[in-house]
Structures are given as structure tokens and as C-alpha cells.
2 protein chains.
Amino acid sequence: MLEKSCIEFLAVLSSKEPVPGGGGACAYVGALGIALGSMVGNLTLGKKKYQDVEEDIKVLQEKSETLKKELKELVDKDAEAFFPLSQAYGLPKNTEEEKAERDRVLQNALVGASEVPLNIARCCCKAIDLLEEYSEKGTRIAISDVGVGAYFAKAALLGAKLNVLINTNLMKNESLKGAIESELEELVRKYTEKADGICAAVEKSIVG
Amino acid sequence: MLEKSCIEFLAVLSSKEPVPGGGGACAYVGALGIALGSMVGNLTLGKKKYQDVEEDIKVLQEKSETLKKELKELVDKDAEAFFPLSQAYGLPKNTEEEKAERDRVLQNALVGASEVPLNIARCCCKAIDLLEEYSEKGTRIAISDVGVGAYFAKAALLGAKLNVLINTNLMKNESLKGAIESELEELVRKYTEKADGICAAVEKSIVG
């Protein structure tokens, strides 16, 4: 999916093609968020003024690379999880038997279709943790980029939440639904607050 | 810039290359936001259930295309505005004369470097207006995508704000600085609230 040019990605996202959808777009925006952290890390490394944090930044850079890779993979996984779901919706529902079979297939597909955006949400939270460390240790000349990254990661987290809810909302397995939704609620509570803190600190350090 | 693949764009954003930076990334995320509106429009057009709004959606689709084009252009304009700024920073400042000349060139470059993210912010606000209309008229089956689009547009607006402030903060023309910052403050106040309203309505319509 991400081998397309940025222009093509916009065009296919705009189209009525089933994928990429909002979930995949969130994974990509989360990746753009942590990429801004990597940029700040790259501008910090090798600078005399920041030699005290050189080793910490190197560790951060590695973590960011791993996370970016995970988020890129989630763009494709989100597309893959959509197909079983659309197939389930396409099953006939004329007889009671057909209805039961359709529901069984649908309930199965909903599990995968919820897990992918939940994983996107988890990755966006990791991005926010890393961006917090960049905001504390990275070069001051690119501090605004850390803030932009945190805004992106927060938006992608909240967008991923909507993509979980559209699926868990149809789930009949109440204990699974409850477990997913309560993890999500806790992630959103904790990490939107953390992202807001990063952005406020960045703005303060810009305007003084 | 956007002719690169999505993967390359992530890589060059992560690098210490001066462009794309946070500003260009905001323009692209704003474009992804309104692209999700276009998607919802495309899924709505031609559907019997939504024939009452068919003409409204067609108008919306055209507005979204224009806006997407503007935001794509702003990715490149952001990169172009960076060069005069980095050239100004590179000028010598050994004598009083050099300092004065450097400051003159820098103050000029700051105007362009502020205007581009201000235009990105304005476009993100237009995106939020359009997404609000999609949330009211678009097909219910893709309502989560409108919410994701609004989260993206809001994040891009707030990110663009940081990119304005890093430049206006160094401006000596107090009346221009004041005019830009007060327009920006008003846009952020009005449109973050509007985006939050869209997202809350979307979440409500998902979970009931």
C-alpha cells in the first residue's frame, strides 16, 4: 500500500475503494508522527551541545525505526482485516440457517478487524512515549517538529479508537468486547493527556 | 515532494534533510483528512437512500478536490519557503553592517515562512467545515472515516500553528506579527471546537 506515491495514496484513500480506509490512514499518520521524532534525533546526533544525550538518542532512534516499521506493516494489516469483514457482510441472510452462519463468520471477522486498530492505537501510544523523550533531550532548533509529531500521534490514536469501536460495537462476545474497549479507554485517557503535555511544553518553549 | 512513495516520504521526513519538515507534513496530513471526506462522499453518491443530498454531495466533492490540490501545493510551498530562511541564517554576522544585513534578509524570509503555515492552517479549517457537512449528509456506513478526517485536520491545524509561531516569534514587525498571531488564535479557537464537535457526534453515532 505504501509503495504508492503520496499523491496516489491520497487518490485511492479518496475513492470508494474499500482499502485503504480510516484505519490504515491512522497507521500512516502515526508513522509520520514518529518520523518527526526520528528527524529531531538525526538533527541532534553528533552535535557537541548534545553529547551528554548522544547515547540516549541513539537508543531512541532504534526504537523509532522499529515502531515505524510496525506502523507501516499495520497499514497493510488493516487492509487485510477488511476483506473477511466485507465477505461476511456479503453472505446471504434469507433463512435462519444462513443468518446463523453469516453471524458466525461475521463475529470471527470482527475479532481481527478490531485487533488491528487496537494495535495501531498501542503503537501510537509508544510513539507518544518516544516523542516525550525527544521533547526532553532533542535539539531545541527542531522542537516544533516534536510537537507536530505528538499532534499526529494523538490524532492517529483517537482515529484508531473509532476504528476499534465500529467493530466492537457489533461484537456479541461481551467479555472480549469489554476487554478491548477498557484497554482502549485507558490508553486514550493516559496518552491524550501525555500528548497534550508534550504539545503544551513545546509551545511554551517556542513562545517563551 | 509528494511524487515520492509513501515509504520514501517517511524516510526523508525522518532524515536530517531540511525538507520536508513539520509544516509540509501538516499540509499532507490535512490533505489525508479531507481525502477521508471525499471517500465518504464517493460512497454516498448514487445511493438511493441518499438521493436527497446527491447534489449537495457533488458540490462538496468539488470543494474537497480543490482543497486537496491546495494542500498538496502547500507541501512544496513549505519546502520553498524554508530555503530563504536557511540562507538568511547562514549569512555572516561579524560586523555591525553584516548583522544589520543578515537581520534584514532574515526578517524578509520570516514573512514567507510564516505565511505558508498560516495558509496550511486556513486550509485545515476549510477541511473541518467540509467534514462537518460530510458528517451530516454522508453515508452512515463510513461515518467513522469522517471522524478520523476531523482528527487529522485538527492535528494538522495545531501543527501548522506551531510552525507559524516559530517564525512570528522572531519577527520584529510587531503589527504584522500581531495580525498573523491573532488570526491564527481565532482559527484555532473556532476550529478545534468544531472538530471536537464532529468527532463527538461521530463517536456517539457509532456507540449509540
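The values are calculated or read from the model by the stated rules, or taken from the named source; none is laboratory data. The structure presented is a predicted model; accordingly, all values stated were derived computationally and were not measured. Glycine gets a Cβ as well: all are built from the backbone with ideal geometry, and neighbour counts include every protein chain shown. Please note that ligands, DNA and RNA were not included when accessible areas were found on the heavy atoms of the full protein model with its side chains. Shrake-Rupley method; radii C 1.70, N 1.55, O 1.52, S 1.80 Å.
A single member of A:45, A:106 is at negative phi and touching a residue at least 24 places away in the same chain (Cβ under 8 Å), and it is A:106.
Which numbered condition in (1) among the charged types (D, E, K, R); (2) at the interface with chain B (Cβ under 9 Å from one of its Cβ atoms); (3) open to solvent by 50 Å² or more (accessible area, probe 1.4 Å) is the only one that residue A:154 fails? Status for residue A:154: all satisfied but (3).
Output the residue which, of all residues in region B:80-115 that are within 18 Å of residue B:21 (Cα to Cα) and of a type in the set (S, T, N, Q), is least open to solvent (accessible area, probe 1.4 Å). Out of the qualifying residues, it is B:114. For region B:119-143, which positions are out of contact with any Lys or Arg (no Cβ under 7 Å at 6 or more places or on another chain) and open to solvent by less than 10 Å² (accessible area, probe 1.4 Å)? If the condition is that a residue be out of contact with any Lys or Arg (no Cβ under 7 Å at 6 or more places or on another chain) and open to solvent by less than 10 Å² (accessible area, probe 1.4 Å), then B:120, B:123, B:124, B:125, B:127, B:131, B:134, B:138, B:142 are the ones that fit.
Quick grid of which residues meet (1) in contact with a Leu (Cβ under 7 Å, 6 or more places away or on another chain); (2) modelled with pLDDT of 95 or more; (3) within 30 Å of residue A:143 (Cβ to Cβ):
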position: A:48; (1), (2), (3): no, yes, yes
position: A:56; (1), (2), (3): no, yes, yes
position: A:64; (1), (2), (3): yes, yes, yes
position: A:68; (1), (2), (3): yes, yes, yes
position: A:72; (1), (2), (3): yes, yes, yes
position: A:76; (1), (2), (3): no, yes, no
position: A:83; (1), (2), (3): no, no, no
position: A:90; (1), (2), (3): no, no, no
position: A:97; (1), (2), (3): no, yes, no
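Just one residue in the set A:15, A:38 is surrounded by 16 or more Cβ atoms within 10 Å (Cβ to Cβ) and within 11 Å of another protein chain (Cβ to nearest Cβ); that residue is A:38. Within region A:164-175, not a single residue is open to solvent by 20 Å² or more (accessible area, probe 1.4 Å), away from chain B (no Cβ under 13 Å), farther than 30 Å from residue B:177 by Cβ and under 15 Å from the mean Cα position of the chain (by Cα). When the criteria are applied in full, residue B:141 fails the requirement of being within 14 Å of the chain's Cα centre (by Cα) and β-branched (Val, Ile, Thr).
The sole residue among A:77, A:63, A:58, A:68 that is of a type in the set (D, E, K, R), open to solvent by less than 60 Å² (accessible area, probe 1.4 Å) and within 28 Å of residue A:26 (Cα to Cα) is A:68.
The set of residues in region B:1-29 that are of a type outside the set (Lys, Arg), at pLDDT 95 or above and under 13 Å from residue A:7 (Cα atoms) comprises B:2, B:3, B:5, B:6, B:7, B:8, B:9, B:27, B:28, B:29. Taken over region B:18-35, the residue count meeting the criterion of being closer than 22 Å to residue B:167 by Cα, facing chain A (nearest Cβ under 7 Å) and part of a helix (DSSP H, G or I) is 5. Please tell me if residue B:132 is under 24 Å from residue B:205 (Cβ atoms) and away from every other protein chain (no Cβ under 13 Å). Yes: the conditions hold for residue B:132.
If you filter region A:194-208 down to residues that are more than 10 Å from chain B (Cβ to nearest Cβ) and of a type in the set (A, V, I, L, M, F, W, C), you find that the one that is nearest to residue A:153 (Cα to Cα) is A:198.
In this structure, residue B:60 does not satisfy being within 14 Å of chain A (Cβ to nearest Cβ) and touching a Lys or Arg at 6+ places or on another chain (Cβ under 7 Å). Out of the residues in region A:2-12 that are open to solvent by 30 Å² or more (accessible area, probe 1.4 Å) and hydrophobic (A, V, I, L, M, F, W, C), state the one that is nearest to the other protein chains (Cβ to nearest Cβ). Among residues in region A:2-12 that are open to solvent by 30 Å² or more (accessible area, probe 1.4 Å) and hydrophobic (A, V, I, L, M, F, W, C), the one nearest to the other protein chains (Cβ to nearest Cβ) is A:7.
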